[in-house]
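Structure record follows, encoded as structure tokens.
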Amino acid sequence: MSTNTIVSLPDQSTARIPKDNFITRENGLLSWLLTGDHKRIAILYLISLSFFFFIGGALAGLIRLELLTPQTDLMATDTYNKVFTMHGVIMIFFFLVPSVPATLGNFLIPMMIGAKDLALPKINLLSWYLYIAGGILAIYTMATGGVDTGWTFTTPLSTHYVNTNVLTTGLAAFIAGFSSIFTGLNFIVTIHKMRAPGMTWFRLPLFVWSHYAASILMVLATPVVAIAIVLVALERTLGIGIFDPTKGGDPLLFQHLFWFYSHPAVYIMILPGMGVISEVISNFSRKRVFGYTAVAFSSVAIAVFGFFVWAHHMFIMGISNYAVLVFSLLTMLVAVPSAIKIFNWTFTLYKGSITFETPMLYAFGFLGLFTIGGMTGVFLGTSGTDIHLTETYFIVAHFHFVMVGGMLMAFLSGLHFWWPKITGRMYPEKISQMAAVVTFIGFNLTFFPQFILGTLGMPRRYASYPPEFQVLNVFSTAGATILGVGYLLPVLYLLWSLKYGAIAGNNPWQATGLEWQTQSPPLTENFAVMPIMDHEAYDYEWLEHQTEASKATEVTSAG
Amino acid sequence: MSEPNEQAHNGHQVVGPAVYVAILFSLLVGTGLTVWASFLELGPWNPIIALAIATTKAMLVVLFFMHVKYSTKLTKLTVFAGIFMFLVLISMTLSDYISRAWGSW
Amino acid sequence: MPDSPVMAHKTDASSESADHSHGQHPPYLRHHFESVEQQADATNFAMWLFLLTEIMFFGGLFTAYLIYRNWYYPAFVAGSHQLNVIWGTTNTVVLILSSFTMAMGVWCAETQRRKGLVLCLILTFILGLGFLGIKTIEYSEKIEKHHVPGFHYSLQSFVDPASDPEIFKEYHDKPLRADMARHTEVYFSLYFLMTGMHALHMIIGICILGFMIFRARAGAYTSGHVTFVENFGLYWHFVDIIWIYLFALLYLISRHQ
């Protein structure tokens, strides 16, 4: 009964973290706060993202606590509205959108393509400062009474009927949007212009393809929500009348502009996670990704089609029947490339040599949960069923399945997979596997009952509900507690591993990417010798030939 | 030292004053044309002509002042992507507004 | 024992801080780029992508404009008659000229004509200021006539056009019904939004031009490193294009009697 694992660590009695790496190259707080090094910026993002994740998580905890009982006993309805609004704003703008791109994307893309840094390091740093500025504004908003319109700022509620901090929240989202735009812009330029010799488009890791597709969305879609926020601000302060029916304006115009971004935003959130899954599934099946070209093109297809479907968030809002028809049909289309990816990942697993290290556990979780979430999206894209399911807990369950069961699991998968590369240390495998299982159980217990609640008719964004819904709500809250434990554990053991984790060496996973052919943590300039790409992606035969050579030059001894 | 096709240090083609003067002239003519056309009663053609002239002027600026005619395929594709997305935003949103007037089926 | 196949030129960390005057690369080449061409290429592409974000940003405003013009055409016509076509045309010519001087400036930088570049940048700067000056005149007229939404907006000129003799003798507008007259406020909201957003971009451009004039006098752009001027030129031309459309859409809706 041996533990089946592909992990290959150097001899721990002689192994050391390489003395010269991007962390030790320069010291002092300013060397971090004024850095241009994409790897340091990634770590700055990782720390701030984790901070905002736990704030958003605490807000979720408050929501679930309130929903334990049918009455509004924990907080007033207005307060509840503020809690779920800030939960949405923080989780979407300050966690999910930047999660994988700003941390793993920033860290890995230059290394994966064989470059020394991103094309625009100063813009990269500016991105982080914009993120922090937006985040501080969001916290200020919470401290000064919050906002209760829902993260969707629907007009005319947000422009005419609430007295809460719509302006500051809008400004926070506006600033965070520019952070996102600059990240995407940087990635597109880098991927086009800075690939190493021999790194053709179709030798790129699929992680890079997904980030490329997500970056197109960031650059083209985000400005539209920016102008929508500006218009809401002007409507609120000056009463210009652009969304005000009494002045001839149309509240739906805001929704068109808002969702023109916010639908592509969900693909901005999920595509980088899909990139992680491609890498992880390939590595832990020891097989190249099945249908590389299809997966690469499906990323771009998701990005392109994702622009054409936004009004499926508006089926019941008063758009014309013809618009409902067209957008519903187009929504069916956009499901296809996602399904192609799921099929290709499954075929990658088929006849692979599968092992179940933590990143792979999270990836399996992703496969199942994202599939369920995605398929329920098709129910919602069908306008007939959407009329009954929209604004119920079915929607809440749908997007949490894709975002938490999908995206967050992908983030954790990637964080564990590349942790040894970023820090030079391995995380403890047993406890992390346990945390992954706890997360999976907690997740299902939290969100599956919400599908049932939705079909039974429980509306979303309500602090109170009919008593017959209580049992399922109690299950959901119990699950949320377990989920919280599952998310807390990685914080603890990952921090522990920084001091006590095993030394990882260059390539503990025996992975094929360029980032694994150099030391862990990497040098500031990434590679001692700039690479030339002379093999296909996920070429495990090439890796076998390299194993001898790389073992000889591996930097594991002191100095 | 002033031929329009000389190579600059960075290897791009240098576009010279002759081209720019020609484009300037065209843009000024276009401006006069569009103002004159707006004073004519042309029914539904007024906005179409105004937009057509504006688009022609914009194309001249993009191709010649912004050097897109002399740029790489990537630049041309990028410009196209921007215009395409802009048109998608406008046309698909407008399609909702226009079809509202058609009533329910 | 085979060498690692990933052999190319060494990037010794210690040479990062080495003396630049060894002539291997110009001082303006950033270290993460392999060559000046790659740097120029990449920054140019980055500027284009930034302009894409600007297209989409203004796109929201154009969408709003097209919707409300479709719904409230008579109000939009009446509103546009309040704009002075002479000022508008002048401004269009001013911006077109400034695009010309900017393009000439780029040519001067590329052909290393320092004095020519400075002259072109100064002309562009002055023309830009001229545009803003005319816009200020136009805005003050609107303020005087209470056509600024949200600030004691007045329907007087639209329900009773004869009370506005200057405009009335040009266009002889019929009085609008009260509800349609109210929608002129939407027209003016869009007018101020779109021209205001455009003017903001002009102001930013003029500030950068000011900075560039100083640097150009010092020869920063006429010794081979033209990318800053080129990329700013792209921005300036883009702002010109936005105005070309704003002029056509806001000023020229229908000026026939």
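Bear in mind these aren't lab numbers, they're just calculated from the coordinates by the rules spelled out. Since this is a predicted model, take the numbers as computed values, not measurements. A quick note on method: Cβ atoms are made from the backbone with ideal geometry, for glycine too, and the neighbour counts reach across all protein chains shown.
Working ranking of peptides A:435-446, A:529-540 by packing, defined as the average number of other Cβ atoms within 10 Å per residue, highest first, is A:435-446, A:529-540.
One Cα centroid belongs to the stretch A:429-498, the other to the stretch C:203-250; the line between them spans 53 Å. Distances between placed amide hydrogens fall under 5 Å for A:Gly249 paired with A:Asp244, all partners being 5 or more residues away or on another chain.
Give the shape of the stretch A:1-65 as rounded, prolate or oblate, defined through the alpha-carbon gyration tensor: a ≥ b ≥ c are the square roots of its eigenvalues, a/c under 1.5 means rounded, and otherwise the shape is prolate if a/b is larger than b/c and oblate if not. In terms of gyration-tensor shape, oblate.
Taking only the C-alpha atoms of the stretch A:331-383, the Rg (one decimal) and the largest Cα-Cα distance, Dmax (whole number), read 13.1, 43 Å.
Mean projected area of the Cα convex hull of the stretch C:35-251, taken over all directions, amounts to 12.5 nm². Suppose a student asked you for the relative contact order of the stretch C:35-251, using Cα pairs under 8 Å spaced at least 6 residues apart; what percent would you report? Dividing the mean separation by the residue count of the stretch C:35-251 yields 35 percent. Across the stretch A:263-394, the convex hull enclosing all Cα atoms gives 98 Å³ per residue.
Dividing the C-alpha radius of gyration of the stretch A:196-239 by 2.2 N^0.38 Å, with N its residue count, gives 1.97. Look at the alpha carbon pairs under 8 Å that are at least 6 residues apart: their mean separation over the length of chain A gives a relative contact order of 21 percent.
Size descriptors for chain B, from the alpha-carbon set: Rg then Dmax equal 19.2, 68 Å.
Annotation for the stretch A:45-89 versus the stretch A:363-410: alpha-carbon center distance of 20 Å.
Residues in the stretch A:87-101 carry Karplus couplings, in order, of 4, x, 4, 5, 5, 7, 6, 10, 10, 5, 4, x, 3, 6, x Hz; the curve used is 6.51 cos²θ - 1.76 cosθ + 1.60 with θ = phi - 60°, and Gly or Pro positions show x.
Counting lysine pairs in chain A whose alpha carbons fall under 24 angstrom apart, excluding pairs fewer than 8 residues apart on the same chain, gives 24. When A:Lys351, A:Lys341, B:Lys69 are ordered from fewest to most other Cβ atoms inside 10 Å of their Cβ, what list results? By the 10 Å Cβ count, ascending: A:Lys351, B:Lys69, A:Lys341. Tell me which trypsin sites (Lys or Arg not before Pro) from the stretch A:70-127 have a DSSP coil assignment and no more than 14 other beta carbons within 10 Å of their own. Of the trypsin sites (Lys or Arg not before Pro), not one in the loops of the stretch A:70-127 has a Cβ with at most 14 other Cβ atoms within 10 Å. For the stretch A:192-325, the relative contact order works out to 34 percent when only alpha carbon pairs closer than 8 Å and six or more residues apart are counted.
For the stretch A:479-490, putting each phi into the Karplus relation 6.51 cos²θ - 1.76 cosθ + 1.60 with θ = phi - 60° gives couplings of x, 4, 5, 4, 4, x, 4, x, 8, 6, 3, x Hz, in residue order, rounded to whole numbers and with x for Gly and Pro. Residues C:Arg255, A:Arg236 in ascending order of nearby Cβ atoms (within 10 Å, fewest first): A:Arg236, C:Arg255. Once the C-beta distance of A:Gln510 and A:Thr14 is scaled by a Förster radius of 25 Å, the resulting FRET efficiency is 0.80 to the nearest 0.05. Per-residue ellipticity at 222 nm, computed for chain A from helices alone with -39500 (n - 2.57) per DSSP H run of at least four residues, works out to -21500 deg cm²/dmol. Per residue of A:239-252, how many C-beta atoms from partner chains lie within 10 Å of its own C-beta, taken as a mean? Shielding by partners across A:239-252 averages 6. Residues A:Arg425, B:Arg100, arranged from fewest to most other Cβ atoms within 10 angstrom of their Cβ, appear as B:Arg100, A:Arg425.
In chain A, the longest principal axis of the Cα atoms and the axis of helix A:251-285 are about 30 degrees apart. Shielding by partners for peptide C:31-42, expressed as the average number of C-beta atoms from other protein chains within 10 Å of each residue's C-beta, is 6. A simple packing score, the average count of other Cβ atoms within 10 Å per residue, orders the peptides A:136-149, C:131-144, A:304-317, C:235-248 as C:235-248, A:304-317, A:136-149, C:131-144, with the highest score first. Each of B:Lys76 and A:Leu329 was given a label point 7 Å from its Cα along the Cα-to-Cβ line. The distance between the two points is 3.2 nm. Screening chain C for whole DSSP H helices of 27 Å or more along their axis (Cα) with average Kyte-Doolittle hydropathy at least 0.5 returns C:36-71, C:85-110, C:114-144, C:184-217, C:227-246. Diffusion coefficient (Stokes-Einstein, Kirkwood radius over C-alpha pairs, 20 °C, 1.002 mPa s) for the stretch C:165-208: 166 µm²/s, rounded to a whole number. In order along the stretch A:441-448, phi translates into HN-Hα couplings of 5, x, 4, 4, 5, 6, 9, 5 Hz, rounded to whole numbers, per the Karplus curve 6.51 cos²θ - 1.76 cosθ + 1.60 with θ = phi - 60° and x for Gly and Pro. Amide H to amide H distances under 5 Å link A:Arg425 with A:Ala504, where only residues 5 or more positions off or on other chains count and H is placed in the peptide plane.
Here the ratio of the Cα radius of gyration of the protein assembly as shown to 2.2 N^0.38 Å is 0.99. A cut-off of 5 Å between modelled amide H atoms, ignoring neighbours fewer than 5 places along the same chain, links A:Phe315 with no other residue. Across peptide C:178-186, the average count of Cβ atoms from other chains found within 10 Å of a residue's Cβ is 3. Summarising the label geometry, the points placed 7 Å from Cα in the beta-carbon direction at A:Asn4 and A:Lys351 lie 1.7 nm from one another.
Treating r as the C-beta distance of A:Thr385 and B:Ile48 and R0 as 41 Å, the FRET efficiency rounds to 0.45.
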